[in-house]
Amino acid sequence: MEGIKIGQRVIGTGLPVYVIAEMSANHAGSLARAKEIIHAAKESGADCIKIQTYTPDTLTIDCDSKYFHISDGTWEGENLYHLYEKAYTPWEWQRELKEEAGRVGIDFLSTPFDKSAVDFLEDLDVDFYKIASFELVDLPLISYTASKGKPIIMSTGMATLGEIEEAVNAVRNAGRGRLALLRCASAYPAVTDEMNLRTMQNMAEVFGVPVGLSDHSMGSVGAVAAVALGACII
């Protein structure tokens with residue numbers, strides 16, 4: 001199984017686990033807090049800080065019908081457009097955040113959700129990309145991202161084996177094929193009993209790539225168990 005190289009770091013079986021700290025919307029609209037999160041991630045021993053690159057308009061439309069409202073779960077009652085409006089990381093921050101990550105010595109990673117986000121991240125000269133579970137079936141986006149020739153870490157929440165195979169083939173056909181796959185239970189928070197971590201081992205066998213866990217569960221049990229089962233990335 002071939003590992004993937006991020007900067008000077010190789011990720012693969014038998015090597016130290018690569019730990020990614022997710023910033024997501026935890027900055028709560030504050031650039032200063034976003035920078036604090038980068039420092040906290042570094043101090044906690046993470047190898048990488050991850051953000052997401054989208055705008056409300058690249059994800060949805062500003063519509064107030066029932067189809068654009070969340071009916072249950074953590075964000076029950078929220079309108080999708082206004083939720084993304086509150087949660088997104090302003091694009092004008094992102095170069096500054098990448099530079100801050102470089103200063104403290106931590107890798108910088110983002111998830112693009114459309115081609116314009118990929119183009120923007122290329123202008124930032126990112127080293128690698130993350131594909132979210134919800135975009136696993138967006139084969140044009142995956143192909144476009146892979147065409148940049150950089151490593152890709154891809155989550156597989158809710159996907160069938162066939163859908164994962166199509167996404168893997170899209171990466172391999174369009175790029176250099178440097179890929180890692182993450183098992184993901186796409187609930188917030190994920191229930192430990194439903195995480196099915198052995199799926200990682202099956203993906204490693206079927207696709208011959210490094211595997212890991214995109215962990216939405218509470219606490220550290222899921223991550224520790226995943227590493228015991230061969231996760232190269234958390």
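Among the residues of region 195-210, what is the count of those that are loosely packed, with under 13 Cβ neighbours inside 10 Å and in contact (Cβ under 8 Å) with a residue 60 or more places away in the chain? Selection size over region 195-210: 1.
Just one of the numbered conditions (1) open to solvent by less than 30 Å² (accessible area, probe 1.4 Å); (2) of a type outside the set (Asp, Glu); (3) touching a Leu at 6+ places or on another chain (Cβ under 8 Å); (4) more than 21 Å from Gly177 (Cα to Cα) is not true of Ala101: (3).
If you filter region 82-96 down to residues that are closer than 18 Å to Asp62 by Cβ and among the hydroxyl-bearing types (Ser, Thr, Tyr), you find that the one that is farthest from the chain's Cα centre (by Cα) is Tyr84.
Scanning region 54-66 for residues that are open to solvent by less than 40 Å² (accessible area, probe 1.4 Å) and assigned to a helix (DSSP H, G or I) gives a single hit, Pro56. Residues in region 139-168 that are assigned to a strand (DSSP E or B) and of a type in the set (A, V, I, L, M, F, W, C): 3 in all. Restricting attention to region 1-46, the residues that are assigned to a loop (DSSP other than H, G, I, E, B) and either more than 11 Å from Ile106 (Cα to Cα) or open to solvent by 30 Å² or more (accessible area, probe 1.4 Å) (or both) total 22.
Check region 211-228 and report whether any residue there is among the aliphatic types (A, V, I, L, M), modelled with pLDDT under 90 and within 22 Å of Pro112 (Cα to Cα). Looking through region 211-228, none of the residues is among the aliphatic types (A, V, I, L, M), modelled with pLDDT under 90 and within 22 Å of Pro112 (Cα to Cα). Of the residues making up region 113-138, just one is open to solvent by 20 Å² or more (accessible area, probe 1.4 Å), aromatic (Phe, Trp, Tyr) and in a loop (DSSP other than H, G, I, E, B), namely Phe113. Quick check on my filter: what residues within region 67-84 are in a helix (DSSP H, G or I) and open to solvent by 90 Å² or more (accessible area, probe 1.4 Å)? Result: Tyr67, single match. Looking at this structure, is Ile51 in a strand (DSSP E or B), under 24 Å from Tyr84 (Cα atoms) and open to solvent by less than 50 Å² (accessible area, probe 1.4 Å)? For Ile51, the condition - in a strand (DSSP E or B), under 24 Å from Tyr84 (Cα atoms) and open to solvent by less than 50 Å² (accessible area, probe 1.4 Å) - is met. From the list Ile38, Ile20, the lone residue that is among the β-branched types (Val, Ile, Thr), in contact with a Cys (Cβ under 8 Å, 6 or more places away or on another chain) and under 29 Å from Ser220 (Cβ atoms) is Ile20. Among the residues examined, Ser110 qualifies as touching a residue at least 40 places away in the same chain (Cβ under 8 Å) and out of contact with any Pro (no Cβ under 7 Å at 6 or more places or on another chain). The residues of region 178-202 that are at pLDDT 75 or above and either part of a loop (DSSP other than H, G, I, E, B) or closer than 25 Å to Ile51 by Cβ (or both), listed by number, are Arg178, Leu179, Ala180, Leu181, Leu182, Arg183, Cys184, Asn196, Leu197, Met200.
The values are calculated or read from the model by the stated rules, or taken from the named source; none is laboratory data. None of the values given here were measured: they were computed from a predicted structure. For neighbour counting, all protein chains shown are included, and Cβ atoms are generated from backbone atoms with ideal geometry for every residue, glycine included. When the accessible area is computed, the model is the full protein with side chains, heavy atoms only, and any ligands, DNA or RNA have been set aside. Shrake-Rupley method; radii C 1.70, N 1.55, O 1.52, S 1.80 Å.
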